[in-house]
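The values are calculated or read from the model by the stated rules, or taken from the named source; none is laboratory data. The structure displayed is predicted, hence computed values, not measured ones. Every residue, glycine among them, receives a Cβ derived from its backbone with ideal geometry; neighbour counts consider all protein chains shown. We work out accessible area using only protein heavy atoms, side chains counted, and drop any ligands, DNA or RNA first. Shrake-Rupley method; radii C 1.70, N 1.55, O 1.52, S 1.80 Å.
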Amino acid sequence: MADDQTIETKKTEILPLIALRGVSVFPATEVRFDVGREKSVQALEKALNENSTLFLTNQKDMDIDLPVGKDLYTTGTVVRVKRVLRMPGEHLRVHVQGQYRAKIKRIIQENPYFACEVTPIEELTVEPSGMTTEVHALIRTCEELLGQYKTIHPVPGTEDFHGFSKDVQPGYAADYAASQIELNLEDYQKVLAATAPLRRLRLVVKLLGKETRIAEYEKELNAKLQAKLTKAQKENYLREQMHNIQEELGQNDDIRSEAEEWSKKLKKLKLSSEITEKIQKDIDRASRLPSYSSDLPVLRTLLETVLELPWNKSLTEPRTIEQSQQILEEDHYGLEKVKERIIEFLAVQKLAGMEKSPILCLVGPPGVGKTSIAKSIARATGRKFVRMSLGGVRDEAEIRGHRRTYVGAIPGRIITSIRDCKSCDPVFLFDEIDKIGADYKGDPAAALLEVLDPEQNKDFVDHYLEVPFDLSRVMFITTANTTDTIPRPLLDRMEIIELSSYTGEEKLNIAKKYLVPKQLKAHGLEDRGAEITEDALQEIINSYTRESGVRGLEKQIAQVCRKIVLKVVKEEPGPYTVTADQLEALLGKKRYFYDKQLQQNEVGVATGLAWTSVGGETLFIETSVLPGTGQIVLTGQLGDVMKESAKTAISYVRSVASLYQLEEDFYKTKDIHIHIPEGATPKDGPSAGVTMCISVLSALTGRPVRKDIAMTGEISLRGRILPVGGIKEKLLAAHRMGIRKIMLPEENSADLQELPANIREQLEFVLLKTAEDAIREALL
């Protein structure tokens, strides 16, 4: 009979199926295995309720918990259940006896348990006339190898092997031998699928020979180690075994060759002798470690990180001063202070060859272009750009890295970012430095003290690397919305550049030159004749946004572009020009309304100026004097500082009451009520002091306040007018309201230079030294 002949009977059976995970079950052998999955338990119950017959086959991937039909091998074994024991927990231990091979014809059902139609595979019997010399030789070889294997590798709980009977069939001999050795799933399936007896026996003899040689070699290794073992060495028994195996495989040679490559790379870097010596020690240590050592992966990661760092490698592209200026002007409108400082740095670098870079801190409200100007600086200086957000960072290890004693230790984000950008002198942006935190893991702000100090960062030591790395050539730029939350020592290390709010004219120019072209391109409208007129942009700025920067403006322009896209897609006829009249249909009702100048001069109402996070505002301070008992009432959700300013202003008015023919006891017989409208909006600060003084004095004397004048300044008890902040934004607010005469502290005169020249020329300024100066100008 041919070796590869197989007979599949035409008769089929429908049986419940259990999917096994790597369990070998052959015909005429007995096997025990555990069942726990719901499908398998129900299939077992189905078999027990009928004729105790099951079909067992292995799943291809043992990690799958819920296999389906395609996950199963088609060839398996039909078994009869002999006994079922309930184990602790939900598991059942099943004792089965293999009956015959079978092949899945089709899966009938997958739920609630597997059921399949199988075709039995008939086991071919070799007649005495067919028992050739080769067959006898294969059976004898199988018998001898199995005996050796059982002697070398005894398995507890299995029966002893005393040889096959004289008339044993080759198929049974192959199945029995295969059931006694440890086969992987792939080899087991090959044996099970080999239905021709002689071919199966040859395959099993080959596998048995391989497993016997492995068992002999394991015994030899054990014998070698047993002679060396002492009480102290027993803990390392398994490691020594693995080491001997790796020595035989030559795996330690790979580590040594890696170490040689590391040493070559280290020489090419030409580092200082101290750093070279330290890294070389780590390389030598790694070369001596066995490949199974837990320290080796840590050392390998460390050395690869160190050798990948751009120690002396710069990818900076040279730029002329003119090229840098052109790039800065192309990318941003305004921001003259930042541009001027960068050009100065480039000029000094070119003339003096200075390598140390400035450390700048860009402070300003949201949306004024702090992050984008940092990218532009990188382009203008020809450097790589790296950004790290510090918002919410609370772990010092984010800056300095983890010490290698910790599991999963990695370098800090500074070293990691510089390694990734492959340049030793990038522009490195620390975004939102004012929002950095601190907790039990350390204070990142304290770690930044070394990074942002030009005198210290040339020897910055990351805890993971433990060797100094030069950060002095990196141009560090930080951004913040306020300096109030930045620790003072950290603030002292940086050069502060304040970015104020954009004026309406600046916003208009930014929209025309940058935002509108950008959004038209993003929405595919470049060649569609779409246009947003200047009047429409001005209306969006005034009525649909109220912000320091232009983020909200860009969102509104994007919304207009989406409306145009909708018209284009619907094939509505053009032209697609958006005017101010169309905005209400596109963006909805106006959201913001600026205060208008008073219609007439009024008693007790003065126009003040305030600074907010979205720019300057005008506010009306109203005072009413009523008969009473000398109470002072302050309304409009005022903060503590503002309340104190109001009391200071009233105290000053009392001190000069005789000069303005006021009753000497007015503060006993009259109640003074000061109110600032928009009561839902919190207000605070000392800059409304002079405005309150004018309002109160106007109410007490009955003299109207000029409607065309606005004022700001802190007042003291002696009537001195003290300087305040936010002058530029306040003056812009007054200009927007139509007021052309403004009173401000004399000590703020230098701040007038920050105002755009065209607006400065339209305004008249009165510089105040004392409250008398303000009274003389404001009261009629």
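Normalised per residue, the accessible area of the chain is 51 Å², obtained with a 1.4 Å probe and no contribution from ligands, DNA or RNA.
Lys/Arg Cβ at +1, Asp/Glu Cβ at -1, dipole of the chain taken about the Cα centre: which of I709, T276, A649 is farthest positive-ward? Sorting the options by dipole projection puts first T276. Quick one: helix 321-331 against the long Cα principal axis of the chain, what's the angle to the nearest 10°, folded into 0 to 90? The angle comes out at about 90 degrees. With θ taken as phi - 60° and the Karplus curve 6.51 cos²θ - 1.76 cosθ + 1.60 applied, the whole-hertz 3J(HN,Hα) list for region 55-69 is 10, 10, 8, 8, 8, 5, 10, 6, 7, 7, 7, 10, x, 10, x Hz, x standing for glycine and proline. Computed from label points 7 Å out along Cα-Cβ, the spacing between V407 and D167 is 6.3 nm.
Wrap a convex hull around the Cα atoms of the chain, take a quarter of its surface area, and give that in square nanometres.
If I average the Cα hull's projected area over directions, I get 57.8 nm².
Of the trypsin sites (Lys or Arg not before Pro) found in region 408-516, those that fall in a DSSP loop while having at most 16 other beta-carbon atoms within 10 Å are K422, K441. Helices in the chain, meaning DSSP H runs of at least 4 residues, each add -39500 (n - 2.57). Divided by all residues, the mean residue ellipticity at 222 nm is -12500 deg cm²/dmol. Annotation: H523 carries an accessible surface of approximately 50 Å², with a 1.4 Å probe and no ligand, DNA or RNA atoms counted.
Each Lys and Arg contributes +1 and each Asp and Glu -1, all at the Cβ; summed about the Cα centre of region 440-544, the dipole is approximately 320 debye.
Annotation note: trypsin sites (Lys or Arg not before Pro) in region 674-737 located in DSSP loop regions with a Cβ neighbour count of at most 13 within 10 Å are R718.
In this simple spin-label approximation, E764 and K513 carry label points 7 Å from Cα along the Cα→Cβ vector, and these lie 3.4 nm apart. Select from T618, L124, W311 the residue farthest towards the positive end of the dipole of the chain; place +1 on Cβ of Lys and Arg, -1 on Cβ of Asp and Glu, and compute about the Cα centre. Comparing the listed Cα positions along the dipole, L124 ranks first. What does the charge add up to near R86, with Lys and Arg as +1, Asp and Glu as -1, over the other residues with Cβ less than 12 Å from its Cβ? With Lys, Arg at +1 and Asp, Glu at -1, the net is 0.
For the full complex of protein chains and a 1.4 angstrom probe, list T57, T405 by accessible area with the highest value first.
On the way: T57 5, T405 125 Å².
Highest to lowest solvent-accessible surface, that is T405, T57.
The HN-Hα couplings worked out from phi for region 628-634 by the Karplus form 6.51 cos²θ - 1.76 cosθ + 1.60 (θ = phi - 60°) are x, 10, x, 7, 10, 10, 10 Hz, whole numbers, x standing for Gly and Pro. Computed with a 1.4 Å probe on the full set of protein chains, the accessible area for E747 sits at about 110 Å².
Working note: Cα atoms of region 665-730, range along each principal axis, descending, whole Å: 40, 32, 24. The heavy atoms of I727 offer some 10 square angstrom of accessible surface to a 1.4 angstrom probe. Considering only beta bridges that DSSP places wholly inside the chain, some 60 percent are antiparallel.
Tell me, what is the FRET efficiency for L717 and A750 to the nearest 0.05, using R0 = 25 angstrom and their Cβ-Cβ distance as r? Write out the running numbers ahead of the final one.
Working: r = 26 Å, r/R0 = 1.03.
In this case the efficiency is close to 0.45.
Within region 552-608, which trypsin sites (Lys or Arg not before Pro) sit in a loop by DSSP and count at most 14 neighbouring Cβ atoms inside 10 Å? Intermediate results must be reported in sequence, preceding the final value.
Numbers: sites: K555, R562, K563, K567, K570, K589, K590, R591, K596; in loops: K570, K589, K590, R591, K596.
Sparse-neighbourhood loop trypsin sites (Lys or Arg not before Pro): K570, K589, K590, R591, K596.
FRET efficiency for the pair Y592 and E216, taken as 1/(1 + (r/R0)^6) with r the Cβ-Cβ distance and R0 = 60 Å, rounds to 0.10.
Heavy-atom surface analysis with a 1.4 Å probe gives the chain a carbon and sulfur content of 49 percent of its accessible area. Is region 319-404 rounded, prolate or oblate when judged by the Cα gyration tensor, a ≥ b ≥ c being the square roots of its eigenvalues, rounded requiring a/c under 1.5 and prolate requiring a/b larger than b/c? In terms of gyration-tensor shape, oblate.
What the Cβ-Cβ distance of E531 and E336 gives, at R0 = 25 Å and to the nearest 0.05, is a FRET efficiency of 0.25.
Three principal axis extents of region 699-745 based on alpha-carbon atoms, in descending order, are 30, 25, 12 Å. Projection of the Cα convex hull of region 80-182, averaged over all directions and equal to a quarter of that hull's surface, yields 9.8 nm². Given +1 at the Cβ of Lys and Arg, -1 at the Cβ of Asp and Glu and no other charges, the dipole of the chain around its Cα centre is 620 debye to the nearest 20. The angle between the Cα long axis of helix 295-308 and the longest principal axis of the Cα atoms of the chain comes to about 50 degrees, rounded to the nearest 10. Placing pseudo-labels 7 Å out from each Cα toward the beta carbon at A522 and A223 gives an inter-label distance of 7.7 nm. Along the axis of the charge dipole computed for the chain (Cβ charges of +1 for Lys and Arg, -1 for Asp and Glu, origin at the Cα centre), the listed residues S695, S376, V516 are led at the positive end by V516. With Rh defined as the Kirkwood radius, the inverse of the mean 1/r over Cα pairs, the Rg/Rh of region 446-503 is 1.07.
Is there a pair in K339/K512; K70/K105; K190/K210; K643/K730; K563/K728 whose C-alpha atoms are over 24 Å apart, and which pairs would that be? Don't skip to the end; give the middle numbers.
Working: K339/K512 21 Å; K70/K105 13 Å; K190/K210 15 Å; K643/K730 21 Å; K563/K728 36 Å.
The answer is K563/K728.
Net charge around F428, counting only other residues with Cβ within less than 11 Å of its Cβ (Lys, Arg = +1; Asp, Glu = -1)? Here the count lands on +3.
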